[in-house]
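Asker: If you scroll down you'll find the structure; I have some questions about it.
The values are calculated or read from the model by the stated rules, or taken from the named source; none is laboratory data. In this text the structure is predicted, and so the values were computed from the model without any measurement. In this analysis, Cβ positions are derived from the backbone assuming ideal geometry, glycine residues included, and neighbour counts consider all displayed protein chains. In case anyone asks, the SASA skips ligands and DNA or RNA and just uses the protein heavy atoms, side chains included. Shrake-Rupley method; radii C 1.70, N 1.55, O 1.52, S 1.80 Å.
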Amino acid sequence: MIEMQKLGKHFEQAHPDIRVKWVTLEEGVLRQRMTTDITTKGGQFDVMTIGMLEAPIWAQRGWIKPIETDAAYDVDDLLPSIRDGLSHEGKLYAAPFYGESSMLMYRKDLTDKIGFTMPERPTWQQIREVAGKIHDPAGNLYGICLRGKAGWGDNIALVTTMVNAWGGQWFDASWKPQLESEPWKQGVKFYVNLLRDYGPPGSAANSFNENLALFNEGKCGMWVDATIAASFVSDPKQSKVADKVAFAQAPKAVTDKGANWLWAWALAVPVSSRHVAAAETFVRWATSKEYVTLVAKEAGWHAVPT
């Protein structure tokens, strides 16, 4: 999104009758502001950054406009799981700016040092054992970094996948909450103990950005988080350990079903927009193949939206 803001001048040059005003908010605040505006039809925003949770619900309620696509946009080129997650009744309602899953990023030099070969899909127990062996607080190196900041866009994204990995779920088929089930107790207990024993100090304040900074500084032996992070931790301009990073699938426990997440940040136009045509023009530009090429040219392929 920061890169898009930098490149916004290219859009305005190509569309001299349109000006873009950017409003950047912390994720929790963003969700509150978007939800308030969309439900009250406030019309504060012409384009909203929303996700795969909101898109089909808001579309069903008639709060956002369908994305009008033509052959040049090539909607069939979007990954089916992401396209379907942003659609309602087969119609796209939010254009994906980038998509992500979650995975394990780790320091291969450290696992080599302890003689451990990381499986393609490790178990959480293996991760705990490795974290214990490479944990060196005196040397400013911590076994593992995980999201600890409270919030469903923060640590609950990770905790949900951990509970899933132990066979748990939020609700059963009858919508009865499952928070007191054994898999919830196992997943949450494992998460808390792992971070308490082998995480960095102050983990309760850390989410994606804080852990990214720690990992790039060489202070995290392992990190389970969004696949989008690969762009940053492997970039020598940003990461001191870029040449030492390796990747594996998100850890599993008793099952690998749901052990990694699926998400997309996408651009949607609310029906309350006062500049619908301009907003739709911007959304098409910001999620087009031409935009991808522009990012690659201006910033390099590592910066291209996934």
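Asker: Once both axes come from the Cα atoms, what is the angle between helix 2-14 and the longest principal axis of the chain, in degrees from 0 to 90, rounded to 10?
Answerer: Approximately 20 degrees, to the nearest 10.
Asker: I'd like the Kirkwood hydrodynamic radius of the range 218-306, using the inverse of the mean 1/r over distinct C-alpha pairs, in Å.
Answerer: For the range 218-306, inverting the mean 1/r across all distinct Cα pairs yields 16.3 Å.
Asker: Compute the whole-percent fraction of alpha carbon pairs in the range 1-49 spaced more than 18 Å apart.
Answerer: Numbers: 473 of 1176 pairs.
Result for the distance tail: 40 percent.
Asker: Compute the acute angle (0 to 90°) between the alpha-carbon long axis of helix 155-165 and the principal axis of greatest extent of the alpha-carbon atoms of the chain; round to the nearest 10°.
Answerer: The angle comes out near 60 degrees.
Asker: If you don't mind, there's one more thing I want to ask. What is the projected area of the convex hull of the Cα atoms of the chain, averaged over all directions, in nm²?
Answerer: Details: hull surface 67.7 nm².
For the chain, averaging the hull's shadow over all directions gives 16.9 nm².
Asker: If you wrap the range 156-289's Cα atoms in a convex hull and average its projection over all directions, what's the area in nm²?
Answerer: Values: hull surface 49.3 nm².
Its average projected convex-hull area is 12.3 nm².
Asker: Semi-axes of the equivalent ellipsoid of the range 201-270: what are they in whole Å, largest first, if each equals the square root of 5 times a C-alpha gyration tensor eigenvalue?
Answerer: Numbers: eigenvalues 97, 68, 40 Å².
Rounded to whole Å, the semi-axes are 22, 18, 14.
Asker: Leaving ligands, DNA and RNA out of it, report the carbon-plus-sulfur percent of the accessible area of the chain at a 1.4 Å probe.
Answerer: On the way: 8140 of 15520 Å².
Answer for the chain is 52 percent, counting heavy atoms of protein chains only.
Asker: Could you work out the relative contact order of the range 1-94, using alpha carbon pairs under 8 angstrom and six or more residues apart, expressed as a whole percent?
Answerer: Working: 54 pairs, mean separation 21.2, N = 94.
That works out to 23 percent.
Asker: Another one. Please determine, in degrees from 0 to 90 and to the nearest 10, the orientation of helix 182-198 with respect to the longest principal axis defined by the Cα atoms of the chain, where the helix direction is its Cα long axis.
Answerer: 70
Asker: Based on the mean of other beta carbon atoms within 10 Å per residue, what is the order of 107-116, 150-159, most packed first? All intermediate terms of the calculation are to be shown ahead of the outcome.
Answerer: Working: 107-116: 14.8, 150-159: 16.6.
Per-residue mean Cβ counts within 10 Å order the peptides as 150-159, 107-116.
Asker: Keeping all protein chains in place, calculate the accessible area per residue for the chain (probe 1.4 angstrom), answer in Å². Can you show the working numbers first?
Answerer: On the way: 15520 Å² over 306 residues.
I get 51 Å² per residue for this part.
Asker: Can you pull the one-decimal nm distance between simple spin-label points at VAL23 and GLN238, each 7 Å off the Cα toward Cβ?
Answerer: About 2.6 nm separates the two model spin labels.
Asker: Output the relative contact order of the chain, whole-number percent, from Cα pairs under 8 angstrom with separation of 6+ residues. Write out the running numbers ahead of the final one.
Answerer: On the way: 492 pairs, mean separation 93.5, N = 306.
Here the relative contact order equals 31 percent.
Asker: Next question, about the same structure. How high is the FRET efficiency between LEU79 and LYS9 when r is their beta carbon distance and R₀ equals 30 Å, given to the nearest 0.05? Working shown, then result.
Answerer: Details: r = 29 Å, r/R0 = 0.98.
Approximately 0.55, to the nearest 0.05.
Asker: Going 7 Å from the Cα of ALA299 along its beta-carbon direction, which residues of the range 234-266 have the amide nitrogen within less than 20 Å of the resulting point?
Answerer: In the range 234-266, the label zone of ALA299 (backbone N under 20 Å from the point 7 Å along Cα→Cβ) covers 234-242, 263-266.
Asker: Which residues in the range 26-43 have a backbone N closer than 15 Å to a point placed 7 Å from the Cα of HIS275 along the Cα-to-Cβ line?
Answerer: Only 43 pass the distance filter.
Asker: With the Cα gyration tensor of the range 137-194 giving a ≥ b ≥ c as the square roots of its eigenvalues, does the rule (a/c under 1.5 for rounded; else a/b larger than b/c for prolate; else oblate) give rounded, prolate or oblate? Let's see the in-between values first.
Answerer: Values: a/c = 3.54, a/b = 2.22, b/c = 1.59.
Judged from the Cα gyration tensor, the range 137-194 comes out prolate (a/c at least 1.5, a/b above b/c).
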